[in-house]
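The values are calculated or read from the model by the stated rules, or taken from the named source; none is laboratory data. Just so it is clear, the structure is predicted and the values come from calculations on it, not from any experiment. Don't worry about glycine lacking a Cβ; one is built from the backbone with ideal geometry, like all the others, and counts go over all protein chains shown.
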Amino acid sequence: MARVIRDQGAEAFWGEATAVLADFVAAIQAGTRSTWLSEHLSSEYPQDLEDVSVISDLLAGLVGQYATDAYECEACGRILLQRAPDDPSFVTFSPDVGGATHILMGRARQCLGPDVPLEPGVRDTEEGRR
Ligand SMILES: [Zn+2]
């Protein structure tokens, strides 16, 4: 599996990521870290997490907002690309040469052919092999 951030979303992603991280650092320096966490994450967000964990959560949230999933079918090599972050359907692309190339080197999905729409988590190749 791969996560894809398209050109149209990349500028906004990096802009938001750098802005929120700079804002978090400024809050730490100003001594308002606790208030910042409550306002930007939630009032229930653990206050005792290390900064690196907070940064990881902030970036993971942005990746989830901007990135889409891409998979390679291990059976035929098709690439499955999620249409949009808020759209659970996928589009398939066939390689010029037959078979899987493992170009994404991760968890694969079974495409079941080019005309079958996919829903996330429905047709994982791991399940299909059982
Ligand atoms: Zn396939």
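Summary table below
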| quantity | calculated |
| --- | --- |
| So Val97, is it over 21 Å from Ile5 (Cβ atoms), free of Cβ contacts under 8 Å to residues at least 24 places away in the same chain and not assigned by TED's automatic domain parsing to the domain that holds Gln8 | yes |
| Residues being within 14 Å of the ligand (Cβ to nearest atom) and not in a strand (DSSP E or B) - total across the stretch 63-84 | 6 |
| Some residue of the stretch 19-31 being aromatic (Phe, Trp, Tyr), surrounded by 13 or more Cβ atoms within 10 Å (Cβ to Cβ), over 12 Å from Ala67 (Cβ atoms) and not assigned by TED's automatic domain parsing to the domain that holds Ile103 | yes |
| Residue match in the stretch 29-39 (condition: within 16 Å of the ligand (Cβ to nearest atom) and either touching a residue at least 12 places away in the same chain (Cβ under 8 Å) or not in a loop (DSSP other than H, G, I, E, B) (or both)) | no |
